[in-house]
Amino acid sequence: MMSATSVDRGRPFHWGSGWLGLALLAFGLRLTAAFVTDAFHHPQVYEYEDLARAMLDGRGFTFHHLGITYHSYAPPLYAWLCAMIYSAGGTVAAVLVVQMLVSVGHVVLVQLLAERLFQRRGAGLIAGVLMALHPGLIIYASTKAHPLTFDALFFTLVLWQFWRLRDQPGFGRAAATGAVIGLGVLSRATIGVLLPLGCLWLLATSARQDWSKLLGRCVAVGVCAVAIVAPWTIRNTLIHRQFVPMVTVDSEVFWRGNNPAATGHSYIDSGRLVIDAMSAESRAELRRLPTEMEQSRWFRRRALEFIEADPGAFLRLTMRKLFYFWWFSPQTGVLYPRLWLYGYQGYYLLVLFLSGFGLWSIARQSRRMCAQRGALLIVVFLVGLSGLQSFYYVEGRHRWAIEPLIIVLAGGSVVGLSRAVTTRWRNRVAASNIC
């Protein structure tokens, strides 16, 4: 019999009573942001808009980049969603409304996960409010036609599914976990790293006699995830006549973070991208290459040449990017008003402080191994994802996608703070009795 890891069996898990109020708060904030920024009339669009329009115009999943037509420029899920909305008569404004609703659902999910982990309604309320107030996720959901809202949701869904899988390791839950990972990879490829990390966590937190059963479930997770991603991979491979799992720009993204002009960010300053620092000769050489695969190999070769020429610089740059991931780079906020940046920095410091209390409260509860194991998976995901991203380049949105996991821990601050206050009060009472 598998032991519970995420939930104390002594108290049944149920929907929190405050979820409706949180949902209304979250939707109201996002709708207000859209009206204040006039996003319904002037939304910020990205390459996904061009990809969706190209599909509707009969040009397929194509995007013009670096002088040629790319067929595997981005993961497809978000562009597919936009194309579906447009084909039904919707506009970018309709996409923003969908994003707001998805973001609201994510707020409720974070509330439920915090309550589940800490077995306190107060923990769920704190996490839900923090999630509803997240400045970056509000802006992306309400003003930008960008997949970050969905990426962030998938990261949180994978956490939830692995918690559920360890509670009851049946094939149904394994299939659901694999399906979430597969869909998530079609939105953001780095979600795939959660599959091995989650499976290792399952094994590491289980008794040896359960390993054979859990290995079978992990295989089922992998098979279901691969089954969902496989059609896209096959399509890419047929187009490019070589194996392309997801996109052809992965080498370019790697080069952005590993070249002589690299800052660790995609920007050098507010008006210049790292790629803009490329010499005229290099730019001309790159644009002479006729296919996206050749351009991909060009970027990979240049990045590896940089690493081989100065491994120390590569190591220092990687560590700097890891620091930027968890803190702020000099380029952070270059595209936003300064006041917005200061507001987010204050919010982020508060979340870090509260999540520290949440972790402390779990570490102090030696009899709640289930909560400790659940928190361990959050930490494993955070460390693994930040380490992986540091090999590429780092922007604030990369952390925003996984900050909901930190917010789940922050919800436990009510437990940690109440424990600290109670301990202090008891010590005072004991001291007064001695006197």
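As a rough footprinting exposure proxy, the listed residues Lys144, Lys321 were ranked by other beta carbons within 10 Å of their own, and the order from fewest upward is Lys144, Lys321.
Can you tell me which of 258-265, 170-177 comes out highest on packing, and rank the rest after it, using the mean Cβ neighbours within 10 Å?
Peptide ranking by packing, descending: 258-265, 170-177.
Name the helices (complete DSSP H segments) of the chain with a Cα length along the long axis of 24 Å or more and a Kyte-Doolittle mean of at least -0.5, or state none.
Span-like helices in the chain: 19-36, 92-118, 148-167, 211-240, 338-364, 369-389, 413-434.
Footprinting exposure proxy ranking of Ile68, Ile268, fewest other C-beta atoms within 10 angstrom first, gives Ile68, Ile268.
Which whole-number percentage describes the relative contact order of the chain, with Cα contacts under 8 Å and a sequence gap of 6 or more?
Working: 602 pairs, mean separation 93.4, N = 435.
Here the relative contact order equals 21 percent.
The range 347-385 and the range 51-116 have their alpha-carbon centroids 32 Å apart. Looking at (i) 57; (ii) 50; (iii) 66, which value of percent of Cα pairs over 27 Å apart comes from a calculation on the structure shown? The value computed from this structure is option (i). Round to a whole angstrom and tell me the spacing of the C-alpha centers of the range 131-178 and the range 263-305. If you average the Cα positions of each part, the centres end up 33 Å apart.
Per-residue Cβ neighbour counts within 10 Å put Asp210, Asp57, Asp151 in the sequence Asp57, Asp210, Asp151, beginning with the fewest. Sorting 31-40, 322-331 by average packing, meaning the other beta carbons within 10 Å per residue, from highest down gives 322-331, 31-40. For the range 218-305, the set of trypsin sites (Lys or Arg not before Pro) satisfying both a DSSP loop assignment and a count of at most 10 other C-beta atoms within 10 Å is given as Arg241.
The numbers here are math on the coordinates, done by the rules we state, and not lab data. As the structure is a computational prediction, the values presented were derived from the model and not from experiment. Reconstructed Cβ throughout: ideal geometry from the backbone, glycine too, with neighbour counts over all protein chains shown.
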